C-alpha cells in the first residue's frame, strides 16, 4: 500500500496533462538537470526511493531527466514506484518509453505486465525489445503468454520476444521456439534468437531442432547459432550430434570450434563408446596445437576423454612441457588417461607438478585430486594444502570436497583455521555437510571460521559463509536469520534471499533499511557531472598485448568512477588474469588471484540496457551489489548476462588480443585518458 507521501506525489504526476504539457515543471537548465540527476543517483545508491523527487522528476519537461527517473525507479526495486513507471511507459518521448520499459523489468513487479504486453507492438523497435526483455525477467503465465504470442507472429518484436523466452524452459515454449527456428522465411535475427533460447537451458524436446541447426554449413548458418547449438548438444550428451560436432570443430570461428570441442568432451565423458570414435580423437589432435589458446585448451581437455595411444600421449607431453594454461590442461588429461592403469605414473606427474614453481601446474594438480586414486591424493593432497599460495590451497580443498570419500578431518580442521579467508570459505563449504554428523568434533572450528568471515570487508567471504550455513539445512537457519537486519547491506541482502529461497520466508516480510553509502551530496554532484560531461578510455596492457576500453559514464557512472579511481591508484598493475573461459569471458581485478578478492569495498549494481556483445566490459559479482574491482570482458555474445551484470564499457581497439590471453597472464598497466564531452554532444543528451 502506498504511503501518504507517495500517494500525493503520484497524484501530482497524474495531474499533469502529459510530459511537456501545461502545469508541469519548467525545462531543467544545466544546474537543475545536474542537481536532479545527482539526487536520483543518491536515491539509487541508498536504495531509498524518494517519492516526491521521483514524481517531480518524472513530470519534468526535460526528457533526459524523465528517462533517468524511469531507470532509477527500476533500480531501487520499490513496488511503490510502479505508478510512476506506468505514466512514463505512456510518455510521448521514445527514449523515456524505452527507459521505462527497461526499468519495469528491474522492479520484480508483475503488476506492470499488463502495461508491458501492449508495448510489444510499439512502433519504436527498441521500446518493443525492452518490453520483451522486461516481460522475460518478470516471468509468470501472463508474461510468458504475451511473449509466445509475439514470437509467433510477424512483427518488430518477434526476435526480442523469442530471445526473452530463454528464461522459460517449459515444453510449450520450446515447441514454439522450434517452430520459429525451423519456419520458412523467418528473418535471420529471429531465427538466431530462437536458437539461443532453445540452447540456453536445453531439454530433450529441443533436440530435433538443435540437430537441424548443427547440420547446417557455416556458409548457411550464423556462427553464434552454431556455437549455441553445439553447447546444447554437449549439455544434453547428444551422441547423435557427434559427426556434426567433429565437422564443426575444424571451424575458423573460434566460438564454433571451442563449443564443438567442449561438447565432444561432455558427450565423451558420459559415453565410452563415443570416446572411442576415431573421428573424435582426430578432431582433438587437429586443434591441440592451435595458436588460439582457448581452442587448444578445449582440444587438450577432449584428449583426456579419448583412447590414450602413443600419438595422444605425445601431444599431451608436448603441451605439458610448454607449462602455462596449456600445460595445466595437458596435466589433467594425462592424469585421466593414465590414472586407472598407471597409478605410479600419475603419482610421479603430480609430484613434479606440486614441486614446480608454476602456478598453473599446481592448479592442474589440484584439479586432478577430484578423480585420481587414493594413493595419489594422499601424497599430493597434503602438500598442496600446505602450499604457500592461498589460491592453490583453496583450489585443492575445493577439488577434494568433490570426491566421494570425505576430506580427512585433520585437513579440514587446518583449513578452517587457515589465515586466508578464501581457504576458510572453501573449508566452510566442504565441512558444512559433515559437522552435524560424522565430523561433529569440527563444529567449534567451523563456527569460529563462520564468525570470522563477517570480519572481512570482501563480499565473497560473507556470501560464501552464509551459503555454507544454509547448506546445513535447519541447523543453519538461525545463523542465516541472525543476519537479515545486519548493518552491512551485502550481508543482510544475502541473508534475506536465503531466508526466502531456502527457508520459505515471505519476500515482503523484511523491513526496509536504507543503505549508508558514505557519500556526500558533493560526491553525487561529481558523479552526475561526470556522467553528463566526461569521456574516458582505459589503455590496458597485458602480458599478451594491449587493448583499449571506452568507459560509459552515462550508463554506469558509479562503476566507471570506481574503475577509473582504482586504475589511477595503480590497483590493477601486476594482477593475475585469474579466469579465462574459452568463448565466454576474460576476468581480472582480484588482488588475491583466486576469484574471491577485491578492494575491500563494494558498490551497488547499475543495471542498464547495454548488451553483452563481444567486447562488452562488465563488473563481476558474487550476488547483487557486490561489485568491487573484478571486471570481465565478454568474448562472444552472452544474452543471459544482459540486465544482470553492470556493463560499464566496451573494447574499442585491440580486440584480437582478447583471444591471445591465457589464464594467469598478468595485467601490466591500466592507464586512463579523460576528455570532456563536446557541448554539441552534451546538448544532444
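Before moving on, here are some points about what is shown:
- Residues of the stretch 454-483 that are crowded, with 21+ Cβ neighbours inside 10 Å and outside any helix (DSSP H, G or I): 458, 483.
- Restricting 168, 195, 180 to residues that are touching a helix residue (DSSP H, G or I) at 6+ places or on another chain (Cβ under 8 Å) and at pLDDT 95 or above narrows the list to 195.
- Residues located in the stretch 300-311, provided they are assigned to a helix (DSSP H, G or I) and either under 22 Å from residue 234 (Cα atoms) or at pLDDT below 90 (or both): 300, 301, 302, 303
- Residue list for the stretch 158-175, restricted to those being buried (at least 16 other Cβ atoms within 10 Å of the Cβ) and in a helix (DSSP H, G or I): 158, 159, 160, 161, 162, 163, 164, 165, 166, 167, 173, 174
- All positions within the stretch 470-486 that are touching a helix residue (DSSP H, G or I) at 6+ places or on another chain (Cβ under 6 Å) and touching a residue at least 40 places away in the same chain (Cβ under 8 Å): 476
- Considering only residues in the stretch 399-420 that are closer than 24 Å to residue 622 by Cα and modelled with pLDDT under 95, the one that is surrounded by the most Cβ atoms within 10 Å (Cβ to Cβ) turns out to be 401.
- Failed criterion for residue 518 (all others in (1) in a loop (DSSP other than H, G, I, E, B); (2) surrounded by fewer than 17 Cβ atoms within 10 Å (Cβ to Cβ); (3) free of Cβ contacts under 8 Å to residues at least 24 places away in the same chain; (4) at negative phi hold): (4)
- All of (1) under 28 Å from the mean Cα position of the chain (by Cα); (2) crowded, with 18+ Cβ neighbours inside 10 Å; (3) assigned to a helix (DSSP H, G or I) hold for residue 189 with one exception: (2).
- Filtering the stretch 489-515 to residues that are modelled with pLDDT of 95 or more, surrounded by 13 or more Cβ atoms within 10 Å (Cβ to Cβ) and part of a loop (DSSP other than H, G, I, E, B) leaves 502, 503, 505.
- Meets criteria (at pLDDT below 95, surrounded by fewer than 24 Cβ atoms within 10 Å (Cβ to Cβ) and within 25 Å of residue 129 (Cβ to Cβ)) for residue 82: yes
- Residue 209, sole failed condition from (1) under 19 Å from residue 267 (Cα atoms); (2) without any contact (Cβ under 8 Å) to a residue 24 or more places away in the chain: (2)
- Residue list for the stretch 202-215, filter: under 14 Å from residue 192 (Cα atoms) and out of contact with any helix residue (DSSP H, G or I) (no Cβ under 7 Å at 6 or more places or on another chain): none
- Each residue in the stretch 48-81 was checked for being touching a helix residue (DSSP H, G or I) at 6+ places or on another chain (Cβ under 6 Å) and in a helix (DSSP H, G or I), and 21 pass.
- Checking the stretch 532-547 against the condition returns a match, with at least one residue being assigned to a helix (DSSP H, G or I), assigned by TED's automatic domain parsing to the domain that holds residue 670 and at negative phi.
- Unique residue being part of a helix (DSSP H, G or I) and in contact with a strand residue (DSSP E or B) (Cβ under 9 Å, 6 or more places away or on another chain) when the list is 297, 258: 297
The values are calculated or read from the model by the stated rules, or taken from the named source; none is laboratory data. Because the structure is predicted, anything quoted here is derived from the model rather than measured. Using ideal geometry, Cβ is built from the backbone for each residue, glycine included, and neighbour counts are taken over all protein chains shown.
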